[in-house]
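In what follows, a single structure is set out as structure tokens and then discussed.
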């Protein structure tokens, strides 16, 4: 079984994010990038499948500051091969990334492609769907569990719906899956194993080639603008209740 995991680095949301002077992007001078949380779960799910059924896990990520460390960490966790896609630029749209992946993923050979259900920087969630469309293979998103039957070349996946509902699907391999959560929390890689991977492992580089016209131009980026404020009502319950009724009447919500 061949598993490909697509990973992407995103801004660390713990840090304070600032917009650049042109208002077209984040100020990247001091921007810290980390592995997208959902992609961590995709990697964990692939490693669990490898442990259960054998095979090989290949991790693919577009070039970015800190991507080498992320790829070496993937090797330390149990990935067999890591590939860095170069030449796609910083302002990378999901359509452009999917277009670049389409051009070389078939040469790797795969049974499953796993990616995070979405990235926290754009909440778009389109890479998996676009890639599956380009490759003309099935796609299932918001996946919370995967089981495979290598002899039948099928996967049974659990998909989460709104309201806590779960659906189970059987799909023919190869397939692209958008992972919402792995069956267990992503494993930790000790720094000693990461350093060992840096010494012994190898990051392959592939030049990304995407068709022209697949890039998005950001016209304006800005922080949410405050248009009002919250009013805290204090006092005895009866007084607070009267004040709430008065506010609703003032706004025409009570008649």
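The values are calculated or read from the model by the stated rules, or taken from the named source; none is laboratory data. All figures in this text were calculated on a predicted structure; none of them were measured in a lab. Glycine also receives a Cβ, built like all others from the backbone with ideal geometry; neighbour counts cover every protein chain displayed.
Structure values in brief
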quantity	calculated
Elements of type helices (runs of 4 or more DSSP H) in the range 42-153, at least 3 residues being under 21 Å from residue 209 (Cβ atoms) and at pLDDT below 95	94-108, 127-135
Residues of the range 171-194 satisfying the condition of being within 16 Å of residue 36 (Cβ to Cβ) and crowded, with 17+ Cβ neighbours inside 10 Å	177, 178, 179, 180, 181, 182, 186
Any hit, the range 57-80, residues being farther than 22 Å from residue 200 by Cβ and either free of Cβ contacts under 8 Å to residues at least 24 places away in the same chain or over 18 Å from the mean Cα position of the chain (by Cα) (or both)	no
Count - residues of the range 1-41 that are outside any loop (DSSP other than H, G, I, E, B) and closer than 30 Å to residue 153 by Cα	10
Every pair of residues 6+ apart whose Cβ atoms lie under 9 Å, when the first sits in the range 104-126 and is within 22 Å of residue 207 (Cβ to Cβ) while the second is at pLDDT below 90 and not in a strand (DSSP E or B)	104/208; 104/209
Residue within the range 207-230 that is at pLDDT below 90, surrounded by 10 or more Cβ atoms within 10 Å (Cβ to Cβ), touching a helix residue (DSSP H, G or I) at 6+ places or on another chain (Cβ under 8 Å) and more than 30 Å from residue 70 (Cβ to Cβ) present	no
Filtered residues of the range 154-203 (kept if in a helix (DSSP H, G or I) and under 16 Å from residue 47 (Cβ atoms))	193, 194, 197
Residue in the range 142-159 that is surrounded by the fewest Cβ atoms within 10 Å (Cβ to Cβ), counting only those that are touching a residue at least 40 places away in the same chain (Cβ under 8 Å) and out of contact with any strand residue (DSSP E or B) (no Cβ under 6 Å at 6 or more places or on another chain)	153
Index of the failed condition, residue 254 passing every other in (1) assigned to a loop (DSSP other than H, G, I, E, B); (2) surrounded by fewer than 10 Cβ atoms within 10 Å (Cβ to Cβ); (3) without any contact (Cβ under 8 Å) to a residue 12 or more places away in the chain	(2)
Of all residues making up the range 102-124, the number that are more than 16 Å from residue 4 (Cα to Cα) and crowded, with 19+ Cβ neighbours inside 10 Å	2
Close pairs (7 angstrom Cβ cut-off, 6 or more residues apart or separate chains): over 27 Å from residue 74 (Cβ atoms) in the range 160-187, assigned to a loop (DSSP other than H, G, I, E, B) anywhere	167/161; 172/138; 172/153
Pairs, first touching a residue at least 40 places away in the same chain (Cβ under 8 Å) and on the phi > 0 side of the Ramachandran plot in the range 1-27, second loosely packed, with under 14 Cβ neighbours inside 10 Å and outside any strand (DSSP E or B), C-beta under 6 Å, six or more apart	23/220; 23/221
Subset of the range 231-242 that is over 45 Å from the mean Cα position of the chain (by Cα) and part of a loop (DSSP other than H, G, I, E, B) - its residue that is surrounded by the fewest Cβ atoms within 10 Å (Cβ to Cβ)	236
Filter result for residue 197 (in contact with a helix residue (DSSP H, G or I) (Cβ under 8 Å, 6 or more places away or on another chain) and surrounded by 13 or more Cβ atoms within 10 Å (Cβ to Cβ))	yes
Flag if residue 61 is under 24 Å from residue 217 (Cα atoms), surrounded by 23 or more Cβ atoms within 10 Å (Cβ to Cβ) and in contact with a helix residue (DSSP H, G or I) (Cβ under 8 Å, 6 or more places away or on another chain)	yes
